[in-house]
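Shown next, in structure tokens, is the structure this report addresses.
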Amino acid sequence: MIAARRASLVPAPGLLRAIGGAVIGLALGAGLAAFGLQAELGQILALGYIFALLGFLLGIGAFRFWLTWAAGREVDVAEEHAAHGRAGDWRRYFRFTTDHKVIGVQYLVSAFVLFFIAGTAAMLMRFELAQPGIATSKDIYNTVMSTHGAMMITVALVSIIGGLGNYLVPLMVGARDMAFPKANALSYWMLPLAIVLVASNPLLGGFDSGWTAYPPLSQQANLGQQAYLMAFVTVGVSSILSAINFLVTVFRMRAPGMSLMRMPIFVWALTVTAALALIATSVVAMAFTMLLFDRLLGTSFFRASRGGDVILFQHLFWFYSHPAVYIMALPGLGAILEIVPVFARKPLFAYPLAVLMFVSIGVMSFMVWAHHMFVSGMAEFFHIPIMLTTELISVPTGIVFLAALGTIWMGRIQFKVPMLWVFGFLWAFLIGGITGVFLADVPTDITLSDTYFVVAHFHYTIVGGTIFGLFAGTYYWFPKITGRMYDETLGRLHFWWFTIAFNATFIPMFWLGIEGMRRRVADYPAGFGLVNLFISFAALNIALSVVVFAFNMVRSWRRGPLAAPNPWRAQTLEWQVASPPPIENFDQIPIVTDTPYQYGSPGAAPGSLGAAPARRLRP
Amino acid sequence: MLLGVKLGILSEVMLFGALFAAYFVIRGESSEWPPVAGLERPELLLPGLNTALLVSSSATMQMAVRAARGGDRSRILRWLGVTLILGGIFILVQGYEFATNGFGLDAGVFGSTFYILTGFHGAHVLAGLGLMAIVTNRARLGLVSAEHHTAVEATSYYWHFVDAVWLFLFSTLYLL
Amino acid sequence: MSPRRHLLTAAAAWVVLSVIGVVLVAGMQIIPVIASREAEIENGAFVLLTAASVPVLMLVVVGLAYSALRFRSTDELADGPPVHGHTGFQAVWVGISVVLVLGLFAYGAIGLVEIRGAQAADFQVNISAEQWAWHFEYPASGVKSKELHIPVGRRVQLNLMSMDVIHSFWVPALGVKQDAVPGRTTRIHTTATETGTYPGMCAELCGLGHTGMTTTVVISNQADLDAWLSQQPRGGPAPSP
């Protein structure tokens, strides 16, 4: 159609054009910097990356509709609609597709790929640490360690809310899509180039500052450092955009009858998470930008010799990064609490209190950041108030155990694979939480700060909270997303192997920390050799179990038995439509009458939709 | 849509919040300000002029919004145009001030905080002007009406925010 | 079994396991080497926190184990009782959590104040950190060394500075750890209680040499310390270029 042709300013988009755009952008930006501005290497990289990112996004068609609108032309509605993608077309996963279900899968798969890469980095670390002495080199170790951290942080931040959240929230609130579908797709497509950038940091010289990037160490040389900083800021911008989307969807697009206190707990968890992301991320983006400016433009924010303040960076960084750990953990907690009622066949215990818990954790998370800085040399008067707020935040966090245990107690427990992960979470997050108190208490923190105790603590909370939640959610919603059932036996194997290996890997680290093993070291006193060897062996098992998981997922998606619309007999809205759901989600927007936790009450059907039609599924 | 814009602005508030926090911390730790001899704080004339420009541009922006709610095309164009001009003059005055300040980005932490704070603000002003230009063009093409003028409202929220940041900036960097 | 019986059985298991756990923990020394007043206080905090953790741990473990054993579903289609919550139980849970946390906080705050102690100190050492070595200067006598020597039984003040990036000075046996930050001097105090030789090390990632940035701390009585000081060359070994 002539009108359609005129309407779109940029030719038909796709991943190939995106990559082409990126390459052209890189050449343009780098060339401009190198020849036009006589810039240094860091500035060349910066300009090259920014142009490459814009080129990539232009190529994938992210700006098509907005550019058309900006030029004052009418947007072709049919073309905009087609951007939702057709069911069964695998190519829509590699395009700028606006259907939230496609975007959710894009996020989920990308997160898992990043998880595998970061896990491989961990295996390299454990190879080095298996014995005293230096097997590879300190340079390689520091870079691999920093990269492992940077990538895993990204996975933890993005996997559940970006993957499962995007897929499920519109379904769970009874909407046809997110509030801003195009912005949603843009959020996703900002990530691939950022991932490539951070993954290629070893080629740029690596970086040895850890993901925390404290100056002055992070101001020194090494282009790889800059790659990390720029990639992280990109992910930050993407998550702010995504957060806006979630909040507007939840507050403006719920189905009739779904008051806030009738929303599924998973949606509540993601709402608080989005609020945290919205408010806190700009602060770290600015901190990293100031650091980049110090490196590239000669500013002195963090240069003590020119009036700057080194500890200021830590305050700004942790002001975001503490809420960030809740951005990582709350979606996992939400997924777990969503799953427990289904497999205990009982209502979620203390639902209103659980909602209050999420909100209070969100609010309080802004008041505790300096507990990462107890020995940093910051002003002493901070110590006691921060110790108080940090210890207090364990009160709402403990409520997740109240809700989960209260639901499980006297239930009719079915130990399907998602429920196994729930139990695993309850143990792991408990250990993480208890050991957190040791770090919150300043007298004990003096000994424990910057040791392997801290490493064990955050792995227990993040793996225990986020990753166990991610696995639980992935298995639980697998039939809904793919329309097929995963293999239960392989799922059990994965769970037990992973859980035993995980605990075997990280429990000894608590002991190591108390005994004096520092973190971020490539070598250690000979007395720690045997324990480290054991840990490395156990860690290898984690990796192997994840291979089982990947195999199960891929094979089941391609050839698993077809799944019914509601194999778990759950009550949230996504289970009342076909597996996988139709493109528009609902034939008719449902009307909600109660919370989705009416198990045990006769005739419970809190969202009325009529029977979901049996559908011939498409992948 | 407007809720989304408000949330975006909240995020931007935090962005500037971080910058202001950094400024106060650094300044609080220096016994004198500017901390290096030979540097002088900028004079108030040009920034004062800029303040007047931005405040009036917010008023004219709001007139444009009212015109949009009434669907009056010629009034919309007039008020948007005036706002654009006021904003443009602001940028020019700011540029002139930078050129004649007597210190650069590399003037230690004094230069860093000054230029990065005003720089980020200036970038936001430019973005706002760009947005305004697009909306003005759409109005010119007859695409703005009493029923469809969300973009005008959204642009006004953004513009008022940018103005508010300037007021804070002016007080902090120039007055305090 | 009635709900009451389930609750009482599980509660009994919880009490028994908690008591056993607390008793086991109570006499432990958790910090491996204690050679200062501060380390002693910190060890006390460790023991208290560990003891307080036991009932919390057991609550969840017993709850999970009991449920897994006793509440397994026998009929796939059967649902459990429609219990949405229990206000009394919730209130008790939150109430006890708050009391427990405030109690731990109070103990920790008091411990922290004790560790900081009075400000005055009669023996000072200036410590400067660089990538990747520690330098100790004894201002009273003008000695410079690469080892830290301090007297036993006297309050010592350590002034930390960094010449380049952030480092952190940690002596586990003394229970002291503090970052050395460029652009400012940070201070910690310690009163050693045992003589001996102990390791000191950098506890903040500072680059490639972080792993090897260690030193030796010697705690001796005054006479031995004076002897050592008088034997050191004035203006000792220079920092590496």
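Determine if the stretch C:134-144 includes at least one residue that is assigned to a helix (DSSP H, G or I), closer than 22 Å to residue C:213 by Cβ and in contact with a helix residue (DSSP H, G or I) (Cβ under 7 Å, 6 or more places away or on another chain). Within the stretch C:134-144 (the criterion being assigned to a helix (DSSP H, G or I), closer than 22 Å to residue C:213 by Cβ and in contact with a helix residue (DSSP H, G or I) (Cβ under 7 Å, 6 or more places away or on another chain)), the answer is no, since none of the residues qualifies. I'd like the full set of residues that are facing another protein chain (nearest Cβ under 7 Å), more than 27 Å from residue A:409 (Cβ to Cβ), small (Gly, Ala, Ser) and without any contact (Cβ under 8 Å) to a residue 24 or more places away in the chain, limited to the stretch C:73-117. Of everything in the stretch C:73-117, just one residue is facing another protein chain (nearest Cβ under 7 Å), more than 27 Å from residue A:409 (Cβ to Cβ), small (Gly, Ala, Ser) and without any contact (Cβ under 8 Å) to a residue 24 or more places away in the chain, namely C:109. Residues of the stretch A:283-332 that are outside any helix (DSSP H, G or I) and aliphatic (A, V, I, L, M): A:297 alone.
When we screen A:541, A:552 for residues that are farther than 30 Å from residue A:598 by Cβ, surrounded by 20 or more Cβ atoms within 10 Å (Cβ to Cβ) and at pLDDT 95 or above, the only hit is A:552.
Here the condition is being at pLDDT 90 or above and out of contact with any Asp or Glu (no Cβ under 7 Å at 6 or more places or on another chain); of A:226, A:220, it holds for A:226 alone. Please go through the stretch B:104-120 and pick out each residue that is more than 9 Å from chain A (Cβ to nearest Cβ) and either polar (S, T, N, Q) or crowded, with 19+ Cβ neighbours inside 10 Å (or both). Within the stretch B:104-120, B:114, B:117, B:118 qualify. Restricted to the stretch A:300-322, and to residues there that are in contact with a Phe, Trp or Tyr (Cβ under 6 Å, 6 or more places away or on another chain) and without any contact (Cβ under 8 Å) to a residue 60 or more places away in the chain, the residue that is nearest to the other protein chains (Cβ to nearest Cβ) is A:308. Looking for something over 22 Å from residue A:205 (Cβ atoms), at pLDDT below 85 and basic (Lys, Arg) - is there at least one such residue anywhere in the stretch A:6-19? Yes. Restricting attention to the stretch C:16-40, and to residues there that are among the aliphatic types (A, V, I, L, M) and buried (at least 20 other Cβ atoms within 10 Å of the Cβ), which single residue is nearest to the other protein chains (Cβ to nearest Cβ)? The residue in question is C:31.
Residues considered: A:354, A:370. Of these, the only one that is within 23 Å of residue A:161 (Cα to Cα), in a helix (DSSP H, G or I) and either in contact with a helix residue (DSSP H, G or I) (Cβ under 9 Å, 6 or more places away or on another chain) or not β-branched (Val, Ile, Thr) (or both) is A:354. The sole residue among A:420, A:448 that is over 15 Å from residue A:344 (Cβ atoms), in the same structural domain as residue A:516 (by TED's automatic domain parsing) and not charged (D, E, K, R) is A:448. Being assigned to a helix (DSSP H, G or I) and facing chain C (nearest Cβ under 9 Å) is the filter here, so list the residues in the stretch A:373-389 that pass it. Those that are assigned to a helix (DSSP H, G or I) and facing chain C (nearest Cβ under 9 Å): A:380, A:383, A:384, A:387, A:388. Suppose the filter is within 22 Å of residue A:134 (Cα to Cα), charged (D, E, K, R) and modelled with pLDDT of 90 or more; does residue C:204 pass it? Yes: the conditions hold for residue C:204.
Here is a check on your reading of the model: is residue A:468 out of contact with any Pro (no Cβ under 8 Å at 6 or more places or on another chain) and crowded, with 17+ Cβ neighbours inside 10 Å? For residue A:468, the condition - out of contact with any Pro (no Cβ under 8 Å at 6 or more places or on another chain) and crowded, with 17+ Cβ neighbours inside 10 Å - is met. Just one of the listed residues (A:590, A:581, A:596, A:508) is buried (at least 19 other Cβ atoms within 10 Å of the Cβ) and at pLDDT 95 or above, and it is A:508. Counting only residues that are touching a Lys or Arg at 6+ places or on another chain (Cβ under 8 Å), touching a residue at least 40 places away in the same chain (Cβ under 8 Å) and surrounded by fewer than 17 Cβ atoms within 10 Å (Cβ to Cβ), the stretch B:1-57 holds 1 of them. Going by the structure shown, is residue C:165 at pLDDT 95 or above and either assigned by TED's automatic domain parsing to the domain that holds residue C:202 or surrounded by fewer than 19 Cβ atoms within 10 Å (Cβ to Cβ) (or both)? For residue C:165, the condition - at pLDDT 95 or above and either assigned by TED's automatic domain parsing to the domain that holds residue C:202 or surrounded by fewer than 19 Cβ atoms within 10 Å (Cβ to Cβ) (or both) - is not met.
Elements of the type helices (runs of 4 or more DSSP H) sitting completely within the stretch A:160-242 and holding at least 2 residues that are within 30 Å of residue A:259 (Cβ to Cβ) and either free of Cβ contacts under 8 Å to residues at least 60 places away in the same chain or not polar (S, T, N, Q) (or both): these cover A:166-173, A:181-189.
The values are calculated or read from the model by the stated rules, or taken from the named source; none is laboratory data. All values derive from a computational prediction rather than experimental measurement. FYI the Cβ positions are ideal-geometry reconstructions off the backbone, even for glycines, and counts take in every protein chain you see.
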